[in-house]
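One structure is given below, encoded as structure tokens.
The values are calculated or read from the model by the stated rules, or taken from the named source; none is laboratory data. None of the values given here were measured: they were computed from a predicted structure. So basically every Cβ, Gly included, is an ideal-geometry build from the backbone, and we count neighbours across all protein chains shown.
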Amino acid sequence: MADQKLDNLLNLALDATGEEREKSINLSAGSEKDSQIWDVIVKYSGDIEALSGDGIQAVPLLGGFAVVSLPRNRIRDFAEHPQVEFMELPKRLYFQVRQGLEVSCFRPVQEEEGLSGQGVLVGIVDSGIDWRHPDFCNEDGSSRILSLWDQSAQPESGQKPPKGYRRGVEYTREEINRALSLSEQEGNLLIKERDFSGHGTSVLGIAAGNGRASGGVNRGAAYDSDIIAVKMGIPGENSFPRTVELMEGVDYLVRQAQRLGKPMALNLSFGNNYGSHRGDSLSEIYLTNVSNTGRTVICVGTGNNGNDRIHTAGTLDSGQKTEIQFSVSSREKTLNVQLWKSYADQIEISLVIPSGQRIGPLSEQTGTQRYRAEDTELLIYYGKPGPFQVTQEIYFDFIPQKEYIMSGVWRLELRGRKIKDGDYHLWLPGGQVLNPGTGFYYPKAEETLTVPSTAEKVITVGAYDSRLNAPADFSGRGGGGLTYFKPDLVAPGVGITAPAPGGDYAVVTGTSFAVPFVTGAAALLMEWGIVRGNDPYLYGEKVKAYLRRGAQPLPGIEKYPDPAVGYGVLCVRDSIPV
């Protein structure tokens with residue numbers, strides 16, 4: 001039975017069997033395999049901690065949000081408490097992996113103005129950091145990292161999470177410095193955090209590395225900033241970071257900045273493709289709210305879905321029929337399709353499987369609908385609008401009954417019955433989890449921003465190729481669906497030299513590595529305004545406004561803002577007011 005205090009995926013996950021959840025990429029995000037304890041995101045009022053105890057643990061976050069862990073069979077009962085306003089299933093996150101100081105006009109402000117990020121914090125939530133890398137150490141060998149929270153670590157004797165949180169281990173600057181003073185083997189026993197992918201090390205190096213390992217050649221943007229880092233936890237073996245770890249990490253960083261009394265530029269270089277892409281999920285609303293807390297700027301990448309076949313859209317009139325075709329390649333183990341539309345529109349939906357069997361027209365009813373398409377089970381869920389959204393989702397989860405989903409051409413048939421708006425959007429999973437042959441036959445590059453880059457108050461950053469002076473085709477793009485324009489601007493994101501674990505450098509590409517240029521730029525603007533006293537209110541949306549104003553045009557684009565590049569190309573020099 002659907003509960004209106006729960007989001008669509010949480011309702012469906014509770015209705016699904018354990019086997020169905022295990023085979024679904026989205027429905028399994030609430031808990032570890034075989035665990036009956038689930039993590040959920042909660043919007044609440046009053047005292048959420050009063051509901052803790054007897055197997056329920058709540059971690060309050062800023063702005064009336066919380067991460068709550070509780071038994072699966074008590075979720076619906078928990079939602080009945082008057083303090084609970086809405087609950088959301090966590091979503092899986094994907095790192096956005098795919099030269100830039102000169103073209104982004106950093107050199108004049110670094111060398112002529114002497115801006116280096118001093119007095120401003122750079123915060124990062126990512127895959128971790130190589131805390132030994134010389135680029136994150138001072139000239140005397142001491143660490144520039146004020147604190148490091150490894151959400152994935154298991155506390156040992158004397159170790160504990162940060163105050164107010166339940167997972168991982170917090171390492172202080174003193175502990176990191178002690179580890180640096182020891183031999184590598186001994187130090188690694190004291191600080192066990194590692195960045196196995198190198199993603200976080202590269203991202204942080206672009207934003208705040210001082211280039212010591214290269215004699216200053218590969219110096220980053222805010223190279224004198226102090227650093228606070230969070231390695232996102234992965235809840236289980238062969239698992240993935242989720243929005244709950246993200247929200248706790250952001251919460252920790254903002255609280256640390258408030259405790260230290262310093263402004264912070266915060267970098268998020270990951271996202272996912274689930275949601276209405278309208279900024280109305282709890283994680284997006286949380287980021288918008290926390291952007292207004294303290295002297296904070298949050299920068300988020302648009303993702304790398306711009307040239308993938310995972311989004312399509314159209315407009316439907318009353319009485320009109322349309323067909324959306326998508327291919328499923330062989331050996332595809334997981335797939336879901338989201339159809340988002342205005343709740344005001346009434347649309348008749350049928351699904352035709354590759355063998356020609358027709359399912360539907362579907363019944364618009366609450367609760368989970370199950371259909372069998374040969375060796376593939378379909379879970380279909382009609383959502384309702386929630387307290388924070390006016391859109392409606394129809395969600396299709398494809399569950400293989402053997403090993404793989406039925407391959408071939410699938411068709412969704414839509415017929416407008418009573419149309420007031422008419423726009424519809426469909427998304428497949430992002431993060432390159434699908435085989436190359438799976439995708440829509442007529443994809444749309446517009447509105448391929450990943451969530452949470454669609455949050456209103458963050459600075460949304462795409463990528464461009466600074467060598468060709470052209471937009472990067474993989475960079476996620478905006479469109480007309482949001483009531484505010486995204487992306488805000490683009491920065492170099494192709495062929496970037498950045499720090500890598502082990503004290504070396506690597507060449508990286510992707511919107512992940514465009515974002516830290518803007519994060520570093522925000523730190524320099526806040527140093528100029530807040531630290532130097534030129535503008536004590538230069539944070540939040542004001543930084544975004546200055547960066548938009550200073551952005552430079554690209555050849556061939558005449559009208560700004562543009563769905564691919566926003567207000568233009570990052571230029572720090574022209575973003576500082578004169």
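Worth pointing out:
Residues are listed down the side, and each one gets a yes or a no for (1) buried (at least 23 other Cβ atoms within 10 Å of the Cβ); (2) assigned by TED's automatic domain parsing to the domain that holds residue 298; (3) in contact with a Lys or Arg (Cβ under 6 Å, 6 or more places away or on another chain); (4) part of a loop (DSSP other than H, G, I, E, B):
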site	(1), (2), (3), (4)
480	no, yes, no, yes
487	yes, yes, no, yes
491	yes, yes, no, no
506	no, yes, no, no
522	yes, yes, no, no
535	no, yes, no, yes
554	no, yes, no, yes
557	no, yes, no, yes
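- Looking only at residues of the range 142-155 that are out of contact with any Phe, Trp or Tyr (no Cβ under 9 Å at 6 or more places or on another chain) and at pLDDT 95 or above, we find that the one that is nearest to residue 173 (Cα to Cα) is 146.
- Look at (1) under 26 Å from the mean Cα position of the chain (by Cα); (2) crowded, with 18+ Cβ neighbours inside 10 Å and you find that residue 109 fails only one, number (1).
- Within the range 329-349, being farther than 23 Å from residue 386 by Cβ and in contact with a strand residue (DSSP E or B) (Cβ under 6 Å, 6 or more places away or on another chain) holds for 335, 348.
- Of residues in the range 350-381 being within 23 Å of residue 19 (Cα to Cα) and part of a loop (DSSP other than H, G, I, E, B), the one modelled with the lowest pLDDT: 366
- Some residue of the range 222-244 being within 24 Å of residue 38 (Cα to Cα), among the aromatic types (Phe, Trp, Tyr) and either within 20 Å of the chain's Cα centre (by Cα) or not assigned by TED's automatic domain parsing to the domain that holds residue 522 (or both): yes
Matching residues to (1) over 20 Å from the mean Cα position of the chain (by Cα); (2) not small (Gly, Ala, Ser):
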| residue | (1), (2) |
| --- | --- |
| 10 | no, yes |
| 18 | yes, no |
| 27 | no, yes |
| 44 | yes, yes |
| 49 | yes, yes |
| 54 | yes, yes |
| 62 | no, yes |
| 71 | yes, yes |
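- Test: residue 352 is in contact with a Lys or Arg (Cβ under 6 Å, 6 or more places away or on another chain) and crowded, with 17+ Cβ neighbours inside 10 Å: yes
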